[in-house]
Each structure stands twice: as structure tokens, then as C-alpha cells.
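The values are calculated or read from the model by the stated rules, or taken from the named source; none is laboratory data. Here the structure is a predicted model, which means the values were calculated and not measured. Cβ placement follows ideal geometry from the backbone for every residue including glycine, while neighbour counts extend to all protein chains displayed.
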Amino acid sequence: MLKIIIFFLILTLSLNAYETEDKLKVIIVGKIAKHISCNKKSVDTFTITIFKDPFNGLFDEIYRDKEIKSRSVKIVHIDNIDNLTSTNVLYIPKVSYSELSHILKKTEDKKILTISDNRGFASRGGVIQLYFVSQKLKLKINTSSAKKKNIQIAPMLLRISDVVKGDSL
């Protein structure tokens, strides 16, 4: 009986850790966005598009009634990259290698900040990769991809990130 209780306790703690990781990823997207500029014409909303939302509406919950760069936040969900419209940020969850290649190709010439937790995302041409080391969230930034997209990244953000130059698309 004690083993069953311990098992469920560990399972619950594990689920809470995943929930906390997801929440941290969602929050960091907004924090990153505050330190990025891309000279996009000004509109009233700051749009974050979520591809195949793995967060079950957590973006909607956290950014409801919030502002980024003095603009209200609009969250858009898409399941097909061909449905991508004008956006400031595109969050890409873990997807297959071929699907990621297609997404990066589709967005490479657009002024869209791409963020993902896919392994190798920054080295493959994505702008910002999120990853965890010893339960700490880290950033990997591809400055070449950012430059191609005419995205300026604040020096403070670059100082706390691992910087990657170039891509292998």
C-alpha cells in the first residue's frame, strides 16, 4: 500500500513539473518578445501564433488582458502552417524533422520571431530555441536567422543566451 501511495505522489510531482515547465515556456515567450524588435508596421495588437497548441489553452489564459510593447496580445491557434497569417511570434512545439523543415522554409523570409523547444531548432534556422539544463530554462539564439528576418535582439537578451550563427537549411 505504501508503494502505491509513493508511486502516486511521484506521479503527481512529475505532472506538476511538466505543468510548471509548460507555464514557464509560455511566460518566457512574452518576456522574450519585449526584447525584440522587427520594424513591423505598428498595429493595435501583438500577435502570438501557436502551431498545434501543446499547452491546452495556457497561452490564452496567461495573456488574456495583457499587453506586450503597449499593445494588447492576441493569441491565434493554427494546425496547418499554410494557415499562418500576419503574426509577431510563431511558437512551434516539438514536431517531426520534416515538418519543422517545412515550417522553417515557409517562414524564412518573413519578419516573424520563431520560437521552439525542438532540439536543434536554432542551428537549423529557427530564431530562438528554448531548452532545459538542470531544470533551468536556457535560450539559444540564431543571430544569422534574426538578421535575415530583420529582427533586432536586445544585447541584454544575447548576453544571457547561447548564440548560434548560421543555419543548416
Which is of a type in the set (D, E, K, R), within 17 Å of Phe55 (Cβ to Cβ) and in a strand (DSSP E or B), of Lys74, Lys94?
Lys74
Give the number of residues within region 78-96 that are surrounded by fewer than 16 Cβ atoms within 10 Å (Cβ to Cβ), within 21 Å of Asp22 (Cβ to Cβ) and more than 13 Å from the chain's Cα centre (by Cα).
2
Going by what's in this entry, would Phe55 be described as under 22 Å from Lys23 (Cβ atoms), assigned to a loop (DSSP other than H, G, I, E, B) and of a type in the set (Phe, Trp, Tyr)?
yes
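Which residue out of Ile160, Ile151, Ile112 is more than 17 Å from Ile50 (Cα to Cα) and crowded, with 16+ Cβ neighbours inside 10 Å?
Numbers: Ile160 fails: crowded, with 16+ Cβ neighbours inside 10 Å; Ile112 fails: more than 17 Å from Ile50 (Cα to Cα).
The conditions single out Ile151.
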For region 110-168, how many residues meet the condition of being more than 11 Å from the chain's Cα centre (by Cα) and part of a strand (DSSP E or B)?
13
Would you call Asp60 at pLDDT 90 or above, part of a helix (DSSP H, G or I) and surrounded by 10 or more Cβ atoms within 10 Å (Cβ to Cβ)?
yes
Every residue from region 1-48 that is modelled with pLDDT under 60 and of a type in the set (Gly, Ala, Ser)
Ser14, Ala17
